[in-house]
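Bear in mind that the values in this text are calculations on the coordinates, not laboratory data. Being a predicted model, the structure only gives us computed values, none of them experimental. Quick reminder, even Gly has a Cβ in these numbers, built from the backbone with ideal geometry, and neighbours come from all protein chains shown.
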Amino acid sequence: MTNKHFIFTDESCVNNPEKQYSSVCAMSGSVQFFKSHQKQIESILNKPGEYKFQKLNKDTKNDILTLCNDFIFPAIAAGDLRIDALIWSNHAYPKKQEIMHYHLLLAVLRKHSPDTDWLYYPDHDRGKDYAEITDIVNAAVNSKNTYMQSLIKLATEYNIRYGGELDSKHSRLIQITDIFAGLAAFSYNSYGDYTDWKKNTTGALSFDFAQSDIENNKTAINHHPKFQLLDAINAECKKHNPKHSINTRHGLHSFDPSYGMNFWLWGNDRSVLKRAQQ
């Protein structure tokens, strides 16, 4: 008997040329798990409208921290949930979003049982053409393109079925994925401002929601809720994964990806991309 799992994905900063780093995030777990916790998620993320990282404020930040404390980190500890984010430099790897999707999907799939059936749901983005990825996971493309062939092989090997794009306005699960995709890219794009904020912050925000006073530059003040969320998530990851760091690569990075909240800065050369197509 196979296990039926969902995988939700969302991206950050892929259409923003002003940002050096982009990211794609995947949240994965069993269908039964997500359905059984739907009411809990909705009771915590209970404000009208959409939870988005770019619009994070004091109130929505506190909701996300409560969600992490009451749902996400306990579920990760129990092995029911994974959140994996892949970050890359747009300067080094311009226009490589689809390839990064491949590497992220492959990394996530390898961490689950091989007898798993997958339903894949990317975020709906009017500015992005998902037709290629749609066809890939449906294994419905007959193309000589080696990259597409490699993804068809991946879809066949791991039994992935495309579930359809989800509009984040109507899906709290995609919204959670958006938060972590945004957090991943933000940790690199704003690392300098984060360290300035950290130096001028008296006491780090933790999951007990202790508030901090800061005297900092305008950017740090404007991003205060984001820096608080970043600081809390980083501390919690470090507590459970000693090989997690934010300072080594100037952004969130998990040197041991076995822990269920995994941030991965892409640093491999083109030979690795080439091998993925073989």
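How long is the gain from N62 to R110 if the chain were fully straight, where each residue apart is worth 0.36 nm and the alpha carbon distance is subtracted?
14.0 nm
Where nothing but the Cβ of Lys and Arg (+1) and of Asp and Glu (-1) is charged, how large is the charge dipole of the stretch 26-65 around its Cα centre, in debye to the nearest 20?
Dipole size: approximately 60 debye.
Which FRET efficiency value, to the nearest 0.05, is calculated for S36 and K243 with the Förster distance at 30 angstrom and r the Cβ-Cβ distance?
0.45
Could you list S89, S43 so that the one with the fewest beta carbons within 10 Å of its beta carbon is first and the one with the most is last?
Ranking S89, S43 by Cβ neighbours within 10 Å, fewest first, gives S43, S89.
What is the order of T66, T9, fewest Cβ neighbours within 10 Å to most?
T66, T9
Provide the gained length on full extension for the span E98 to N16, in nm with one decimal, where the gain is 0.36 nm per separating residue minus the Cα-Cα distance.
27.9 nm
What distance in nm separates the two pseudo spin-label positions at K153 and S258, each 7 Å out from Cα along the beta-carbon direction?
Taking the two extended label points, one gets 2.8 nm.
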